[in-house]
1. Which one is farthest from the chain's Cα centre (by Cα), of the residues in the stretch 300-316 that are among the aromatic types (Phe, Trp, Tyr) and more than 23 Å from TYR215 (Cα to Cα)?
2. Yes or no: ARG131 open to solvent by 40 Å² or more (accessible area, probe 1.4 Å) and free of Cβ contacts under 8 Å to residues at least 24 places away in the same chain?
3. With LEU19, LEU2, LEU65 as the choices, which residue is surrounded by fewer than 22 Cβ atoms within 10 Å (Cβ to Cβ), modelled with pLDDT of 95 or more and touching a helix residue (DSSP H, G or I) at 6+ places or on another chain (Cβ under 9 Å)?
4. With touching a residue at least 24 places away in the same chain (Cβ under 8 Å), of a type outside the set (Ser, Thr, Tyr), closer than 25 Å to ILE138 by Cβ and surrounded by fewer than 20 Cβ atoms within 10 Å (Cβ to Cβ) as the only criterion, which of HIS198, HIS210 stands out?
5. Somewhere in the stretch 94-108, is a residue free of Cβ contacts under 8 Å to residues at least 40 places away in the same chain, part of a loop (DSSP other than H, G, I, E, B) and under 26 Å from TYR310 (Cβ atoms)?
6. Name the residues in the stretch 250-280 that are touching a residue at least 60 places away in the same chain (Cβ under 8 Å), over 20 Å from ASP365 (Cβ atoms) and either aromatic (Phe, Trp, Tyr) or open to solvent by 70 Å² or more (accessible area, probe 1.4 Å) (or both), would you?
7. Given the criterion assigned to a helix (DSSP H, G or I) and at pLDDT below 95, identify the matching residue among LEU269, LEU233.
8. I'm trying to understand the selection: among the residues of the stretch 360-385, which are open to solvent by 50 Å² or more (accessible area, probe 1.4 Å) and either assigned to a loop (DSSP other than H, G, I, E, B) or of a type in the set (Asp, Glu) (or both)?
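The values are calculated or read from the model by the stated rules, or taken from the named source; none is laboratory data. Model, not experiment: these values are computed from the prediction. Glycine also receives a Cβ, built like all others from the backbone with ideal geometry; neighbour counts cover every protein chain displayed. The accessibility values were calculated without ligands, DNA or RNA, using every heavy atom of the protein model including side chains. Shrake-Rupley method; radii C 1.70, N 1.55, O 1.52, S 1.80 Å.
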Amino acid sequence: MLRSEELPDCFFYQNKPTLITPNTSTPNHSLYLSNLDDQKFLRFSIKYLYLFEKAVAIDILKYSLSKVLVDYYPLAGRLRPCGGAGDDDKLVVDCNGEGAVFAEGFMDISCEEFLQISRKPNRSWRKLLYRVEAHSFIEIPPLVVQVTNLRCGGMILCTAINHCICDGIGTSQFLHAWAHVITKPTLDLPILPFHSRHVLKPRDPPQVTHTHLGYTKTTFKDNNIHVDINQYLQSQPLVPTSFTFTSAHILRLKRQCIPSLKCTTFEALASHTWRSWVRSLDLSTTFKVKLLFSVNVRKKLIPEIPQGYYGNGFVLACTETAVKDLVTSNLHHGIKLVQQAKSSLTDGHVRSMIDLLEDKNVKTDICSSLVISQWAKLGLEDLDLGQGKPLHMGPLTSDIYCLFLPVVGNFDAVKVQVSVPECVVEKFEYYMMHGLDGEENGEQNGFI
């Protein structure tokens, strides 16, 4: 048994990983990235961790990956600035078939032992994903995979997928395509990837016809005018927190909304998490705080984005309120704000946002915001590579950005994970866990 939550070292079978290239020739061209893809805010990799009870043979994983990369060939390419006067920061994908990074190793741990410490990530988990030595984000290959075999015959699969190329829906689509190639090798993919990003191209000239609260324009004179919560959070020792809400807990939350309001699980939980986060930070009551949360707009645009689109087809909805209005009201106030932010995302609003992002001085306004990313309901936890669905699925790391995660084996449950300053952990946990139907014990409520 593990004596602490620290993972043992990972032993690699080879000195360095291999590059998995598409197993047949693929188009060689530059793939345009939309303004939603090319935001500075998204210049990172989405890192998933899967725990499987039985390992899949390495040769099968490598061969199937080389096959699925024929369809998803941009993930075997490399990012680069497209150059041109005044356009140095614009990224494109050089679809050159260079390949995905694939590392394989062994760790002296069992599935059961990992599950005991799997409630929230810690720094030692980084051993489970090969770190590519690079001077900048652009130099890191868009797809990095590490397969770690375990003492018990199980397997941990970690993937890092470039967020400029895929959003959450896109990563799920790709991973399920990989699984399909393994489990149904003679059948065509059920959903073919749609590569072109021109469906989200800005208008010429740009037409910013709406107000976009979630963005701010950087100018020299803006410095130090606003209190920067984000900067404060980044300067503090951060501690991961994690809470699992079952359908019963969600129902209790919804009952706290007075007057009663018909709302979704996401709306109730987003409002509750935002309110708890703000309360724990002890901000001035007159200070204005924002909530940014991801919304899939594939079906909101006219015409709809084609099926199979795996690029960034989401935008960050934004709402704003004074601290006193959020913390002194019950959930009704926050839920109403979340609903209004969602309903404002019309075709015209999203097109205006895409046009706004033509101005490279515009950036996501995270200085006074909680950011929530929705990983639940994407089918990520259903991935079956031929030896059954995962025992655990979640992020490799925890950050100040809040994740709503799926719970393996319980489709209606949602795990909320976010890192907060060490000095406010107890307060944040108190506000998140208590007050649901008067229960005083977090364990009674099923929070873990």
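1. TYR309
2. Answer is yes for this residue.
3. LEU19
4. HIS198
5. no
6. The answer is ARG255, ILE258, PRO259, PHE266, ARG279.
7. Within the list LEU269, LEU233, the selection yields LEU233.
8. Selection gives LYS360, ASN361, LYS377, ASP382, ASP384.
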